Amino acid sequence: METLLISTLTVTLGEIGDKTQLLALILAAKYRKPWPICLGILIATLFNHALAGAFGSLVSQWLSPQTLRWIVAISFLAIALWTLKPDKADEDEATHGSTHGVLIATVASFFLAEMGDKTQIATAVLAAQYHPLWQVVSGTTLGMLLADVPVVWLGARFAHRLPLRAARIGAALLFAALGVWILVGA
């Protein structure tokens, strides 16, 4: 259960102010259909994070535990720095595939937006460190939903009131603490 909780918390915090969270806001404002948008986020995230988790799990088999520990710790420290940089969503991502319906537009947009994103990298890092893989993928997917679904439902109405800078700093501090915790031998 620890794996599921760590994965959920890591991605929930990492997603705050992220481009995919901004993409969720754009999709909600554009289509005003929260159910297919939320389902699209779920489908895209499950697929994307399953691929990232499988990669992380595979890499962990090739590396010694000490090397893996250093890579994971350094990755968390890098994600901490990356979290401080605000993301900007590209409106083209929101409209990509929109002629095929809201669900398809959301799945395609979210899957592409997550490629190389910090939450995808965090998923690979978590899968390299924690087991079983299904708990990592379930946790990171749940974390994505916890961060993005409220944005979809609340929409643009409250977006300007969220203290995203403070949230990014808090998330960065948590990632840095996780990196240090792994380095000192948790």
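The values are calculated or read from the model by the stated rules, or taken from the named source; none is laboratory data. None of these values were measured; they are calculated from a predicted model. Ideal geometry is used to build each Cβ from the backbone, glycine not excepted, and the neighbour counts take in all protein chains shown. The accessibility values were calculated without ligands, DNA or RNA, using every heavy atom of the protein model including side chains. Shrake-Rupley method; radii C 1.70, N 1.55, O 1.52, S 1.80 Å.
Before moving on, here are some points about what is shown:
- Probe 1.4 Å, protein heavy atoms only - accessible area per residue of region 6-65 in square angstrom: 44 Å²
- Packing around the peptides 63-69, 144-150, taken as the average count of other Cβ atoms within 10 Å per residue, puts them in this order, highest first: 144-150, 63-69.
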